[in-house]
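Trainee: Here it is, the structure in full.
Read-outs throughout are calculated quantities, based only on the coordinates presented, and are distinct from any laboratory measurement. These numbers were taken from a predicted model, which means no experiment stands behind them. Glycine also receives a Cβ, built like all others from the backbone with ideal geometry; neighbour counts cover every protein chain displayed.
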Amino acid sequence: MLRFIAWRLGRAALTVLLVLVGCFVAIRSAGSPVDILYPEDATPEQTALLEKQWGLDRSLPEQFGLYVANLARGDFGVSIIERRPVTHIYAEKLQPTLQLAGLALLIGVCVGIPLGAIAALRRGRAAARAAMALAFTGYAVPHFIIAIVLILIFSYHLNWLPSTGAASAWHYVLPAVTLALPLIAAIARYMRSTMLDVMNQDYVRTARAKGVAEPRVVTLHVMRNALLPLITVLGLEVAGLINGSLIVETVFSWPGLGKVLTGSVSRRDFPVLQFGVIAYAIAVVSINCLVDVLYAVADPRVRVES
Amino acid sequence: MTERMPNRDAAVLNLPNVLEVRGLNVHIATDDGELCAVADAAFSVRDGETLALVGESGAGKSMTALAVMRLAQSAAIRVSGEILLRTGEGEPLNLLALNAPAIRAVRGRLASMVFQEPMTSLNPVLRVGDQIAEAIVAHEAIGWPAARARALDLLRLVGIADAPARSRTFPHELSGGMRQRVMIAIALACRPRLLIADEPTTALDVTVQAQVLALIRSLQKELGMAVLFITHDLGVVAQIADRVAVMYAGRIVEEAPVRDLFAAPRHPYTQGLLRSMPNAGRAARSHRIAPIPGSMPSLARLPLGCAFHPRCERAEPGRCDAGVPALEAIGDLRAVRCWRWREPALAAAENG
Amino acid sequence: MLAVLMAVVAVFAPWLTPHDPDATQMLARLKPPAFMEGGELNHVFGTDQAGRDLLSRCIYGVRVSVGIALFGLVIGCLIGTTLGVISGLFGGIVDRAIMMLVDVFISVPNLLIVLVGVAAFGTDIIVLVFLIGLARWETYARMVRGQVLQVREMPYIEASRALGASRAWIAIRHVLPNIASPLIVLLTLNFPSILLLESSLSFLGIGVQPPTASLGSMVGDGRDHLIAAWWVAVAPALVIVAITFVVQMLGDWLRDVMDVRIDD
């Protein structure tokens with residue numbers, strides 16, 4: 001088990017390293033890092049110091065080493081537009097983003113799993129068909145269109161819910177629902193297919209042959225086995241959730257990281273962008289890592305093999 | 001095999017039927033229309049008796065067993081007939097007429113089933129001890145700790161050493177034979193009157209197979225239950241059965257006490273089966289293994305008349321391909337479904 | 001059928017459009033669609049903030065969006081297939097390195113990759129096509145690698161190897177025919193997600209730049225007029241949804257018909 005965790009951590013670290021390489025290459029190909037990472041009006045002394053610090057006169061691998069060392073020291077540069085360390089900017093905006101994404105994940109799980117389970121158990125009936133049609137829709141419609149439709153209906157037409165900002169609890173409803181809908185669709189689809197798979201397993205028949213009551217058969221024998229692979233899928237959906245949150249936060253003018261990050265692209269504010277990408281990548285990688293370890297703990301078959 | 005031979009027939013005859021199946025039909029709806037997986041099956045099993053249901057795969061044996069347990073239920077499957085289970089004094093239960101809670105109370109308590117695939121028949125994420133205890137908790141008003149303690153006894157009963165440690169393992173940590181023992185322990189948890197064993201040894205090694213058979217036999221003696229044993233292996237039949245019902249293409253074609261069946265099979269199909277079997281039955285001598293030509297027809301396109309006639313060397317055109325023969329009783333203990341069983345050619349065939 | 005219709009629309013856009021998509025008519029700004037009060041049959045979908053005919057703009061938008069998505073699709077497919085073949089044929093450390101790369105791409109949100117790329121290389125259409133193509137290359141790589149590994153075990157491959165056929169030749173001769181149908185299914189199923197990626201980017205204003213308009217950027221423009229003229233955003237949005245729906249259904253259907261198993 002410990003070996004498995006160590007191996008998984010190693011893989012995660014390697015992934016992060018590759019992301020750093022990607023960032024490094026992208027920034028180098030865009031121009032001198034001193035110009036890119038620090039405001040243009042830096043004094044010549046400052047520039048010279050930075051050039052030395054970045055080791056621009058040395059070989060590329062050495063430069064990469066320095067680059068990583070700088071990042072490790074926590075020096076992610078200063079926002080070109082806002083003139084302050086990017087870490088400060090992100091620290092302020094982290095909480096709303098986490099809240100929104102967490103809420104969406106919660107809705108996705110709490111609605112998607114029962115929806116998929118019902119679709120599997122009541123297969124062939126009208127309710128199940130409707131649920132899956134809905135899930136199919138959630139799959140094919142992008143976040144920004146869901147957002148616009150929801151805003152049109154609930155903010156402008158019905159005037160029930162606010163569409164911009166995060167001033168009150170009501171402000172969370174539309175962005176969280178927008179973010180959650182595709183997630184619900186993905187989870188429900190997956191849940192349905194694994195449930196159908198598990199329902200045909202011999203051990204479910206064994207449980208029935210024992211005379212176990214049907215609710216217990218469904219929850220303990222079917223759902224429990226169907227939820228195991230879902231853990232892994234959830235980990236993979238986190239990447240999609242982050243994709244979505246970048247867009248949803250922009251549409252709803254959410255005071256979070258999404259707007260900061262997308263804004264930094266059009267303004268070519270590299271320090272901000274770079275930190276955002278690295279931070280998001282680390283978040284996704286560690287969540288996936290955690291998910292794999294969780295899965296290994298939850299599934300006795302994996303537990304023993306490793 | 002000889003030790004199995006003493007004439008128990010008379011004694012067994014006096015015991016009441018635990019299971020009595022009458023006119024059982026199982027229809028399965030497919031894309032190409034409805035087919036009949038089990039047609040007009042009728043048989044009974046008495047207390048302490050083992051009835052073997054024999055046939056090739058696809059003959060309808062497993063479907064019959066699942067139908068008895070009411071486990072053959074989906075939108076596509078239609079079961080009709082009467083399945084009577086005698087539960088003690090009083091009137092027998094007609095299993096097909098029971099509602100869901102009532103059939104649930106029967107399964108695992110009055111009638112249990114052991115399946116063919118020990119590898120996949122246990123829930124992979126639950127400890128085996130809990131899977132046994134679950135069967136007890138489902139039917140008796142006792143708590144989990146007491147049920148777990150009984151599970152340990154059951155593990156010992158099925159011959160698993162070091163029961164406390166084994167009960168905490170997961171199925172994948174056990175060998176196939178071990179898992180089948182666990183399945184038997186689950187089936188016996190509430191001391192059922194009827195045990196249905198669906199090819200319980202097919203997936204096991206030969207040595208393990210013998211152990212499991214011996215276990216089922218000794219437990220049957222100990223608990224006095226009726227056993228419906230499903231297999232395609234006549235060698236296994238010889239070891240375990242008191243009576244045999246042979247199935248072909250959804251119908252029972254011959255029924256007889258095991259000794260009579262091996263000594264004097266009446267149906268050409270049974271005769272063919274025995275001839276195609278190496279080193280068993282009456283002829284451990286130097287007879288040739290002679291497989292039956294052809295293969296069992298698909299249920300979707302059964303031939304007219306007797307389903308076996310295209311493969312039967314004694315088929316008579318105009319008769320065997322015209323109508324389905326009835327299951328005719330021969331004395332008290334035997335029955336055969338063949339148009340020509342009385343004719344001397346058939347009787348002679350078994351001797352030479 | 002609908003898919004064919006869309007292809008026709010994209011190709012013959014100049015002949016189909018009732019108006020010049022860039023012709024502004026300041027007097028006819030924000031006209032509602034024909035079925036609403038104040039709408040005219042002249043502008044079936046209505047007009048936008050500069051009085052441009054929305055139907056014509058949508059037709060041209062389809063052309064841009066579908067075009068970019070198709071090119072991106074081909075690029076991703078080429079990259080993925082090549083790496084998949086290499087990975088499967090060579091095995092060992094090459095295989096592990098490529099699979100590692102696949103893992104990275106799966107775990108890093110693809111929007112982030114595109115954002116970094118756009119920031120570094122600009123929003124040129126060619127850059128955009130390449131970045132979008134990168135988005136789903138790993139699906140092809142995994143599928144192709146699996147197929148190669150499977151084919152490699154076949155006796156006839158062993159035989160042709162024994163006869164001295166080179167690895168590359170084996171790949172071309174034996175693997176490619178085998179991957180044709182799963183590849184078609186995968187391409188169809190990936191198309192919607194590529195199209196959505198492009199439109200999301202354009203919606204955010206970091207994809208296709210004005211004056212060129214893709215469906216996504218049209219929705220983005222329409223966002224500013226949601227209260228007064230919702231149709232400016234909704235018309236192109238509906239077109240996007242219609243396309244992804246149809247192609248997704250086509251993909252599911254192809255998957256069933258060709259009996260291909262693809263894990264998604």
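Trainee: For the stretch C:53-231, with only Lys/Arg (+1) and Asp/Glu (-1) charged at the beta-carbon, what is the dipole magnitude about the Cα centre, in debye rounded to 20?
Mentor: 480 debye
Trainee: Among B:206, B:38, B:336, which one moves the most in a GNM of chain B with springs linking Cα atoms closer than 10 Å?
Mentor: Judging by the Gaussian network model, the answer is B:206.
Trainee: Among B:47, B:198, B:31, which one shows the highest mean-square fluctuation when chain B is modelled as a Gaussian network with alpha-carbon springs under 10 Å?
Mentor: Sorting by GNM fluctuation, first place goes to B:31.
Trainee: Helix-only estimate, please: 222 nm mean residue ellipticity of chain A, summing -39500 (n - 2.57) across DSSP H runs of length 4 or more and dividing by its residues, to the nearest 500.
Mentor: -25000 deg cm²/dmol
Trainee: May I ask you to list the chymotrypsin sites (Phe, Trp or Tyr not before Pro) in the stretch A:252-284 that are in a DSSP loop and have at most 14 other Cβ atoms within 10 Å of their Cβ?
Mentor: Nothing satisfies the criteria.
Trainee: Roughly what percent of Cα-Cα pairs across the stretch A:69-223 reach past 18 Å?
Mentor: Summing the P(r) tail past 18 Å for the stretch A:69-223 gives 70 percent.
Trainee: Further question on the same structure: So which residue, out of A:133, A:176, A:120, gets the largest mean-square fluctuation from a GNM of chain A using Cα contacts under 10 Å as springs?
Mentor: Comparing A:133, A:176, A:120 in the GNM, the peak value goes to A:133.
Trainee: So what is the 222 nm mean residue ellipticity for chain B from helices alone, if each DSSP H run of at least 4 adds -39500 (n - 2.57) and you divide by all residues, rounding to the nearest 500 deg cm²/dmol?
Mentor: -9000 deg cm²/dmol
Trainee: Report, in debye and to the nearest 20, how large the dipole of the stretch A:163-245 comes out about its Cα centre when Lys and Arg carry +1 and Asp and Glu carry -1 on their Cβ.
Mentor: Charge dipole of the stretch A:163-245: 300 debye, to the nearest 20.
Trainee: Taking Cα atoms, how many degrees apart are the long axis of helix B:176-188 and the longest axis of chain B, rounded to 10 and kept between 0 and 90?
Mentor: The answer is roughly 80 degrees.
Trainee: Indicate, rounded to the nearest 5 percent, the antiparallel portion of the DSSP beta bridges found entirely in the stretch B:165-257.
Mentor: 55 percent
Trainee: Residue by residue through the stretch A:108-123, which ³J(HN,Hα) values in whole Hz follow from phi under the Karplus form 6.51 cos²θ - 1.76 cosθ + 1.60 (θ = phi - 60°), with glycine and proline marked x?
Mentor: Going residue by residue, I get x, 5, 5, 9, x, 5, x, 4, x, 5, 5, 4, 6, 6, 9, 4 Hz, with x marking Gly and Pro.
Trainee: Can you work out ³J(HN,Hα) from phi for every residue in the stretch A:221-233, in order, using Karplus 6.51 cos²θ - 1.76 cosθ + 1.60 and θ = phi - 60°, giving whole Hz and x for Gly and Pro?
Mentor: 8, 8, 4, 4, 6, 6, 6, 4, x, 5, 4, 5, 4
Trainee: Same structure again: Given axes a ≥ b ≥ c from the Cα gyration tensor, I'd like to know whether the stretch C:53-231 is rounded (a/c under 1.5), prolate (a/b larger than b/c) or oblate.
Mentor: It comes out prolate by the Cα gyration axes.
Trainee: Here is a further query. Using only atoms on other chains, find how many Cβ atoms lie within 10 Å of each Cβ of peptide C:213-219 and report the average.
Mentor: 1
Trainee: Still on this structure, I have one more. For a footprinting-style exposure proxy, rank A:4, C:191 by other Cβ within 10 Å, fewest first.
Mentor: A:4, C:191
Trainee: What does the charge count around residue B:250 come to, taking other residues whose C-beta lies under 13 Å from its C-beta (Lys +1, Arg +1, Asp -1, Glu -1)?
Mentor: +1
Trainee: Ordered by residue, what ³J(HN,Hα) values in Hz, to whole numbers, does the stretch C:245-258 give under the Karplus form 6.51 cos²θ - 1.76 cosθ + 1.60, where θ = phi - 60° and Gly and Pro are x?
Mentor: 4, 4, 5, 4, 5, 4, x, 4, 5, 4, 4, 5, 5, 7
Trainee: On to the next question. Taking chain A as the reference, fit the longest principal axis to its C-alpha atoms, fit the long axis of helix A:270-298 to the helix C-alpha atoms, and give the angle between the two in degrees, 0 to 90, nearest 10.
Mentor: Rounded to the nearest ten degrees, it is 30.
Trainee: In addition: Using all C-alpha to C-alpha distances in chain B, build P(r) with 20 Å bins and read off the rounded percent in each one.
Mentor: Reading the bins upward from 0: 29, 57, 14, 0.
Trainee: Now a separate question. Which cross-chain or sequence-distant (5 or more) residues have an amide H under 5 Å from the amide H of residue B:338, H modelled 1.01 Å from N in plane?
Mentor: For residue B:338, whose amide H was placed from the backbone, the distant partners under 5 Å are B:328.
Trainee: For residue B:247, which sequence-distant residues (separation of 5 or more, or a different chain) have an amide H within less than 5 Å of its own amide H, given hydrogens modelled in the peptide plane?
Mentor: Close amide H contacts, sequence-distant or interchain: B:54, B:55, B:253.
Trainee: Still on this structure, please answer the following. Within chain B, which is the longest segment containing none of the GluC sites (Glu not before Pro) that sit in a DSSP loop and have at most 14 other Cβ atoms within 10 Å?
Mentor: B:141-312
Trainee: Additional query: Starting from a Cα-only point model with no solvent, please compute log10 I(q)/I(0) by Debye for chain A at q = 0.15, 0.16 1/Å.
Mentor: Reported log10 I(q)/I(0), two decimals: -1.20, -1.27.
Trainee: Within 10 Å of each Cβ of C:199-205, how many other protein chain Cβ atoms are there on average?
Mentor: Other-chain Cβ atoms within 10 Å of each residue's Cβ, averaged: 6.
Trainee: Non-local amide H neighbours of residue B:50 (under 5 Å, H modeled in plane, Pro and chain starts lacking H): which ones?
Mentor: B:227, B:242, B:243
Trainee: Along the positive direction of the dipole of the stretch C:53-231 (beta-carbon charges: Lys, Arg +1; Asp, Glu -1; about the Cα centre), which of C:92, C:220, C:230 reaches farthest?
Mentor: C:92
Trainee: Let me spell out the model: positive unit charges on the Cβ of Lys and Arg, negative unit charges on the Cβ of Asp and Glu, origin at the Cα centre of chain B. What dipole size does that give, in debye rounded to 20?
Mentor: Magnitude of the dipole: close to 460 debye.
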